[in-house]
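Before any comments, here is the structure.
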Amino acid sequence: MERFWTIEEETSSPSYSVEEAACEAHFQQTVSRNQQGRYIVRLPVKPDVLTSLGDNRRTAVRRFRMIQQRMGTDPQLRIQYVDFMNEYHALGHMQKVDDYETPPKPCYHLPHHAVVREESTTTKVRVVFDASCKTSQGRSLNDALMVGPIVQEEMRSIIMRSRTRRIMLVADAK
């Protein structure tokens, strides 16, 4: 009788690093679904790195001025970009930072830019955020996030297993 493989048979119990285990535990504790059925999970931050990121305001302002110049020559881009940012603010994904707050709260200014795809049928303008932008301390927001374990099988294993049968079914599940 033919035998079919299952993922459980191929993988042994995971051996995670300390950070991977902490990230996995964070995910298990914070994952939920909203009313629309979308998954929500809090970012797995490293508090010690997050509080000592350093300043990146000058870089973020310089990049924003470049965006403003570009929007000055393209009114359609400006409309779509401003609409996106207003929606982002309304959803609570960003907040205004008071420059004159004393003492100033630690914050990270997330640089962003527009990617325009004229051939797109849905969204012509997409705003891209650069969390790898370094601060005065040489750190980025990405550096302040834990890295979780790899949960997908290696591609080599998937391809080798696919060659053991005469017929292979492939699907894109959404």
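The values are calculated or read from the model by the stated rules, or taken from the named source; none is laboratory data. Just so we're clear, the structure is a prediction, and the values are computed from it rather than from any experiment. Here the Cβ positions follow ideal geometry from the backbone for every residue, glycine too, while neighbour counts run over all protein chains shown. Remember, those area values only see protein heavy atoms, side chains included, never the ligands or the DNA or RNA. Shrake-Rupley method; radii C 1.70, N 1.55, O 1.52, S 1.80 Å.
Numbers for the structure displayed
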item	result
Residues of the range 108-160 classified as assigned to a helix (DSSP H, G or I) and surrounded by 15 or more Cβ atoms within 10 Å (Cβ to Cβ), total	2
Some residue of the range 133-147 being within 30 Å of Ser15 (Cα to Cα) and among the β-branched types (Val, Ile, Thr)	yes
Residue in the range 87-103 that is charged (D, E, K, R), at pLDDT 85 or above, open to solvent by 100 Å² or more (accessible area, probe 1.4 Å) and closer than 24 Å to Arg70 by Cα present	yes
Cross-chain or 6+ apart pairs with Cβ under 8 Å, the range 68-85 first and closer than 17 Å to Pro111 by Cα, then among the charged types (D, E, K, R) and surrounded by 11 or more Cβ atoms within 10 Å (Cβ to Cβ)	Met71/Arg78
Residues within the range 68-107 that are over 25 Å from Asp55 (Cα atoms), charged (D, E, K, R) and assigned to a loop (DSSP other than H, G, I, E, B), tallied	1
Residue check, Thr51 open to solvent by 50 Å² or more (accessible area, probe 1.4 Å), at pLDDT below 90, under 28 Å from Val97 (Cβ atoms) and of a type in the set (Ser, Thr, Tyr)	yes
Residue match in the range 63-77 (condition: at pLDDT 85 or above, surrounded by 14 or more Cβ atoms within 10 Å (Cβ to Cβ) and hydroxyl-bearing (Ser, Thr, Tyr))	no
Selection within the range 38-66 - free of Cβ contacts under 8 Å to residues at least 40 places away in the same chain, basic (Lys, Arg) and in a helix (DSSP H, G or I)	Arg58, Arg62, Arg65
